[in-house]
Every structure is written in structure tokens, then in C-alpha cells.
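Structure record follows, encoded as C-alpha cells.
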Amino acid sequence: MPHSSPGWVIDAQGVCPLAEQMPSPNQDARPPHTLVDLIVIHNISLPPGQFGGEYVADLFLNRLDYQAHPYFAALRTLRVSAHFFLSRQGRLFQFVATENRAWHAGVSDFMGRAACNDFSVGIELEGTDDTAFTPAQYDGLALLTVALCRRYRIAGITGHQQIAPARKTDPGARFDWVRYERQYRQQMDMPKPDTPKPFPVFYSGTLPRAGA
Ligand SMILES: [Zn+2]
């Protein structure tokens, strides 16, 4: 992983300048005075297991050719997005500025707080629940995590399956939380004046409710 990583920042508008910007219409304002304090990890590929195409971007931009694959017909009414998408090669795409609300989590609950879209940043990894993710994805995810921690007071990081366990299975068992945590903590250990404090990761089974 590069030790100096220019461009891995989130600016005041919530834009990461090194990401390819593809603004999605599937976004709106966060509720007033919302503190962004959660990162949610997902995986997606369209059709599932097929990597490298434009279909995920097309879905987030409401321009998917629903005839192109039988799987796509069921997606016709979906209006979804994520803030970021990391390709298998580690290319970063941004669909929603982090100051705005992306539509990635749906009905969800993080330790007793519902509607996680309100207060979270959603990161999609190109992949499936049963395919290992790539080193480039872990590298990019670690750098993006640290960039987010320098912009927001992140209090936790979790997976979609943890905050919507009855509906969702991503990022799945092949996502290596231990590796991810090690890598972003290594980045945070670098001696920089704005190095954020480490924060907890919540990924073991269903989350405890606040106060439980
Ligand atoms: Zn998801």
C-alpha cells in the first residue's frame, strides 16, 4: 500500500477528488443536523458474479438496460445508489457526495438506530458473497476509510448484512474483516497530525442494540 496517498481525501462537499464522479439521481439531503458516523460495506455485481461491466453504474444511474439479462427484470423498480463503488482493480467511483444521503441500506438498524442511510456512508465492493475480494480493493477501502475518518467523526463500521440481517447477505463471509481492520489501522498509525483515533468494527453476527 502506498505510504503517501494523495487524493485520498474527502473535501468539504463530500467529494473524493480521485474518484471518477458519476452523480446518481438516487440521493437526497440528509436530515438536518445529521452527524455522519457510520460506514456500511456492501458488495454488488451485475449480473451477480460478472465483473468489469457498466451494469452497476447503469443501475445507480437509472439507465440499466433491463432487457440485457434475465436477472435485470426484477431490478426495474429499484432506485438505489451508494456513495462509492470500488472495482476489482481498485478503481474508485463516486455516485453521491458524502454530504448527501445515498440510498444503499434500505430498512436497517444499527444498534437501535433505524434508517442507516440517514447517517452512514455506503461503500460497494464489486464482488459477490462467495468470491474473495482483491488486494486492490482492500488497499482502496483502507485509504478511503481513513479519508472518511478525517472528514467525519466515524464511530463504527459494519456490513449491510449486520444492519439488515433478515434481508441482506453482503458483504458476505468472504469479506476479510480482520485484514480490512488491520490495513486501515496501519494507515491510521502513520504519524500525521490529523490521524483519527481507531474506531470499533461491528461485524460479528447481529448487532447488539444500544444499551443492551
Ligand atoms: Zn448491500
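Values quoted throughout were computed directly from the atomic coordinates according to the rules given, and no laboratory measurement underlies them. From a predicted model like this one, the values you see are computed outputs, not experimental measurements. Cβ sites come from the backbone with ideal geometry, for glycine too, and all protein chains shown count toward neighbours.
Considering only G140, G112, G156, the mean-square fluctuation computed in a Gaussian network model of the chain, springs between alpha carbons under 10 angstrom, is largest for G112.
Once you sort the root eigenvalues of the Cα gyration tensor of the range 1-116 as a ≥ b ≥ c, which label holds: rounded (a/c under 1.5), prolate (a/b larger than b/c) or oblate (the other case)? Here the range 1-116 falls in the oblate category.
Ordering P25, G49, A102 by Cα displacement along the dipole of the range 20-129 toward the positive end leaves P25 in first place; charges were set at the Cβ atoms of Lys, Arg (+1) and Asp, Glu (-1). Over all orientations, the range 51-92 has a Cα convex hull whose mean projected area works out to 3.1 square nanometres. Amide H to amide H distances under 5 Å link Q27 with no residue, where only residues 5 or more positions off or on other chains count and H is placed in the peptide plane.
Compare T34, T134, T158 in a GNM of the chain, Cα atoms joined below 10 Å, and give the one with the largest fluctuation. Between T34, T134, T158, it is T34 that shows the largest mean-square fluctuation. Can you classify the chain as rounded, prolate or oblate using the Cα gyration tensor, where a ≥ b ≥ c are the square roots of its eigenvalues, rounded means a/c under 1.5, and otherwise it's prolate if a/b beats b/c and oblate if not? Taking the square roots of the gyration eigenvalues as a ≥ b ≥ c, the chain is rounded.
With respect to the chain, whose longest principal axis is taken over its alpha-carbon atoms, helix 135-151 is tilted by about 60°. About its Cα centre, the range 1-156 has a charge dipole of approximately 280 debye under the convention of +1 per Lys or Arg Cβ and -1 per Asp or Glu Cβ, with nothing else charged. Other residues whose C-beta falls under 12 angstrom from the C-beta of M22 contribute a net charge of -1, scoring Lys and Arg +1 and Asp and Glu -1. Between the helical axis of 177-188 and the longest alpha-carbon principal axis of the chain there is an angle of about 50 degrees.
Subtracting the Cα-Cα distance of T77 and Q186 from 0.36 nm times their residue separation leaves 35.1 nm of extension gain.
Placing a label point 7 Å from the Cα of R88 along the Cα-to-Cβ direction, the residues of the range 129-156 whose backbone N falls under 15 Å of that point are 129-138. With R₀ set to 22 Å, the beta-carbon distance separating N100 from R150 gives a calculated FRET efficiency near 0.70. If R0 is 35 Å, the Cβ-Cβ spacing of A166 and V15 corresponds to a FRET efficiency of close to 0.55. What number comes out for the charge environment of V56, summing +1 per Lys or Arg and -1 per Asp or Glu over other residues with Cβ under 10 Å away? Surrounding charge for V56 is -4. Dividing the summed helix terms, -39500 (n - 2.57) for each DSSP H run of n ≥ 4, by the number of residues in the chain produces a 222 nm estimate of -5500 deg cm²/dmol to the nearest 500.
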